[in-house]
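Below is one structure, written out as structure tokens, with a few remarks after it.
The values are calculated or read from the model by the stated rules, or taken from the named source; none is laboratory data. Keep in mind the model is a prediction, meaning the values are calculated, not measured. A quick note on method: Cβ atoms are made from the backbone with ideal geometry, for glycine too, and the neighbour counts reach across all protein chains shown.
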DNA sequence: ATGAAAGCGCTAACAC
DNA sequence: GTGTTAGCGCTTTCAT
């Protein structure tokens, strides 16, 4: 019976209702619920009554109202560049980002930027005040660089902090919120190969990408340290992080120059190279030892041979980047983050097979 | 000079300002900008003036204010279950989801649910009115099933539509917004193996997951069609989508029963199986032909041998699912979506090597 | 064809 | 210690 109310949508509880229930005013409720500075001026008993009422009624603040009133949105926007080419690394980072954001009371908006189109979303989200900060991830290519610049401009205009996750975005004012030690990784990888006795180590890199260039510097540093000259003929620098090119370039290299090992700046490229080397008739690691970079959880340990690679702490860097961004939003001091990386030994480098498959 | 205004934050333009600029009232501006039904009552010239002013001033509506006023949020929440185990499939789907959502003026909130913790975020986002609809993706495991149920309950209480992306969530009221034809995929894969002359085809599946079970049904259907009896001894049903288990189970199977081919319900599991088969001394495809499922863009073509697999249209299913969810939100009629899948022929099934590496 | 005005739910400056 | 009240920017009903 209780006619009226043709369709009963569970009414959202408002502050007013809980104020009434607790016999106080909205203000008091607001102070209590937000633990606002004025909370000191609220008696313990009132506080308790309010909290209780809020709980009983199942209160949740309305985000829009709060946002309208405070001017904040308590959300950040994650922009993924060229998501097409990203896999677990992206997912891992996203998990880390979200984990920290959640702990700080922020929610996560997401948008992707691939070539065209997507741009507008980004601007709308930012301009409509849906985000208090922006986190960039992925890596911009030639197509997306203009977009990247527009994004930076927009964020600056709006006074919204913007930070990059794990990669330098050259030529932009974007600060890297959390980076990993790409150079050290490249050095560890290369040094390990050198320890295995190799002196002609090929390098498969990507030109123009900060992370790849750093890894390459690590490769050079390892040579320097060992007193081995680097031979530029052993370099292949792709114009883009592209597997097909990696395959072809490696095939060509294997047929034209002499080398007994190879450091590849990413696992995704490494599998392509592995495939090309096999096509060139080489057996790994006997005819060519290999080390990659990233340690993709799902795929890298099941290559043939299992790939020795530098572990990239995706989750951790996402977490740290979010942390930095939140500091920026709150105008708190921030310290640069450089996460260490380390080598995961499997068989492609020439190390012996592990006893169990457990790694 | 121009003292005052110590820090100049580009003032957000409001409707009032554009109203003033155009010499009309807020109401008119709102009507024009939203193309509201009353737009018919706005003279073309006024309309143009308003539009022009809005453009000149670089106006963007404030999302919070609009949301507070309309009760909508123009955003949907994507919940990713067990994101740990997802890679490109997730990214592909997310891209699809976002592509459609953007076209409809929705923004995307994201949160993950892994074991513990994350739950709260979810509820907060929903209860604080930040989302008009929920899209579930990933697959719930035993740990996360309770969370899943809580989520469904919450969404229902709030009257917020909730839909699943590409997988049935057994025992919940969640409707599948866009599914792919897992069964047909399993059948195509198996039939192809049968055409290659195999009659003892092992199956590596996952128990309790809708998608995996469907793929298995396809395997059985193919046998039935070919008049080949299925031998349950050839089945391995993992309790979870776990590569280590897949490796071990396959190794054991290879050593205990006789089979000349294998259908594996996912590429991730397939690489583990491939590795195990090699460890058991088999050469592929000669000693064992293999077909997987998913066609991971980055990894599946560089396995050794290149993996023949069923292409899973991740992007498309994300797109379609978002489409359905939007229909649900708008209370428009919806039609079930079942995307077709097809086999990608490479070499692990025994087919000849392609002329170029181009696929 | 257009405008006035009443909210939407919350915050915070200011009174008491 | 606690309450009043004036917005925040937008939508929408109802006048005109």
Would you pick out the residues in region A:221-241 that are out of contact with any helix residue (DSSP H, G or I) (no Cβ under 6 Å at 6 or more places or on another chain) and without any contact (Cβ under 8 Å) to a residue 12 or more places away in the chain? A:224, A:227, A:229, A:232
Out of B:66, B:47, B:72, I need the residue that is within 16 Å of DNA strand D (Cβ to nearest atom), assigned to a loop (DSSP other than H, G, I, E, B) and surrounded by fewer than 21 Cβ atoms within 10 Å (Cβ to Cβ). Which one? B:72
Looking only at residues that are more than 8 Å from DNA strand D (Cβ to nearest atom) and over 15 Å from residue A:61 (Cβ atoms) in region A:26-43, which one is modelled with the lowest pLDDT? A:39
Name the residue, out of B:58, B:23, that is within 16 Å of DNA strand C (Cβ to nearest atom) and either exposed (fewer than 13 other Cβ atoms within 10 Å of the Cβ) or modelled with pLDDT of 85 or more (or both). B:23
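From the list A:286, A:224, which residue is exposed (fewer than 15 other Cβ atoms within 10 Å of the Cβ), part of a helix (DSSP H, G or I) and more than 12 Å from chain B (Cβ to nearest Cβ)? Steps first, answer last, please.
Numbers: A:286 fails: part of a helix (DSSP H, G or I).
None of the other options fit; the residue is A:224.
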Suppose we keep only residues that are assigned to a loop (DSSP other than H, G, I, E, B) and more than 8 Å from chain A (Cβ to nearest Cβ) within region B:75-107. Which one would you say is surrounded by the most Cβ atoms within 10 Å (Cβ to Cβ)? B:106
Taking residue A:160 as the residue in question, decide whether it is within 12 Å of chain B (Cβ to nearest Cβ) and assigned to a loop (DSSP other than H, G, I, E, B). yes
Just checking, does region A:90-98 include any residue being at positive phi and modelled with pLDDT under 90? no
